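Visitor: The structure is given below, and queries will be raised subsequently.
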Amino acid sequence: MSLPAARWLAHAREPGALQREKGAPRDADESLAVKLDGVLTLPGAPAAVWALLTDPARLARLLPGCRRLDPDGPDRFKAAVKFGIAAISGNYAGSLEFAEKRPPRSLVMKLDGKGLPGFVKGQGRIELLSKDGQTEVRYSGEAQVGGMIAGVGQRMLEGAARRIVQQFFEAAAAELKSAAPPDRVVAAGKAAKPKRKKG
């Protein structure tokens, strides 16, 4: 066997080599960019949705795996989260911050978290538009993910992120319906399922 062929075979047998060929980081110092965007509908007026998204006590109930969300200054909170999704399973501690608030139309959420599985740092923009007595929610965001969790590859991370976003907005829809007067509850069984933007 020639020397170049031997080196290629050794690389192919190296643990994680296949993942790296698909774009996974080589070590814990590297990271992946995960992007998400979508449009969905929530029951209630933009003011009601805004009040829900900016209330830390209610927000903590909506965030999947959230164990704690404590005030840490104006529009800033300390967070403790435990995810049970295989690709990112583990405990994380960090912060959540509201920025660029334009009630009840838009805001930016910034997050920064670390844990044994790795780290995540990013931000997302949420826009609220009144539509037929409900609220159209448009969201977009990007996060840098590093450490062991980045080793699973971008596709799995994006799938896990989409699942978390879907669970969050489904919980938001249920919360809004439970808080609305009976005669104003809108039957929207699919309202909280995000739709990815085309193009």
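FYI, it's all coordinate maths here, none of it is from the lab. Everything quoted here is computed from the prediction, not taken from an experiment. Counting neighbours? That spans all protein chains shown, and the Cβs are built from the backbone with ideal geometry, glycine included.
Visitor: Could you give every pair whose Cβ atoms fall below 6 Å, whose first residue belongs to region 142-170 and is of a type in the set (Phe, Trp, Tyr), and whose second residue is outside any helix (DSSP H, G or I), counting only separations of at least 6 or pairs across chains?
Guide: From region 142-170, the pairs are PHE169/LEU40; PHE169/ALA192.
Visitor: Check region 116-135 and report whether any residue there is touching a Pro at 6+ places or on another chain (Cβ under 9 Å), under 18 Å from ASP37 (Cα atoms), in contact (Cβ under 8 Å) with a residue 60 or more places away in the chain and crowded, with 19+ Cβ neighbours inside 10 Å.
Guide: The answer is yes, given that some residue of region 116-135 is touching a Pro at 6+ places or on another chain (Cβ under 9 Å), under 18 Å from ASP37 (Cα atoms), in contact (Cβ under 8 Å) with a residue 60 or more places away in the chain and crowded, with 19+ Cβ neighbours inside 10 Å.
Visitor: May I pose another question? Condition first: within 14 Å of the chain's Cα centre (by Cα), under 21 Å from ARG155 (Cβ atoms) and either in a strand (DSSP E or B) or of a type in the set (Asp, Glu) (or both). Now tell me which residues in region 73-91 satisfy that.
Guide: PHE83
Visitor: Still on this structure: Does region 64-71 contain any residue that is out of contact with any Ser or Thr (no Cβ under 9 Å at 6 or more places or on another chain), within 19 Å of ALA179 (Cβ to Cβ), surrounded by 16 or more Cβ atoms within 10 Å (Cβ to Cβ) and touching a residue at least 40 places away in the same chain (Cβ under 8 Å)?
Guide: No, region 64-71 contains no residue that is out of contact with any Ser or Thr (no Cβ under 9 Å at 6 or more places or on another chain), within 19 Å of ALA179 (Cβ to Cβ), surrounded by 16 or more Cβ atoms within 10 Å (Cβ to Cβ) and touching a residue at least 40 places away in the same chain (Cβ under 8 Å).
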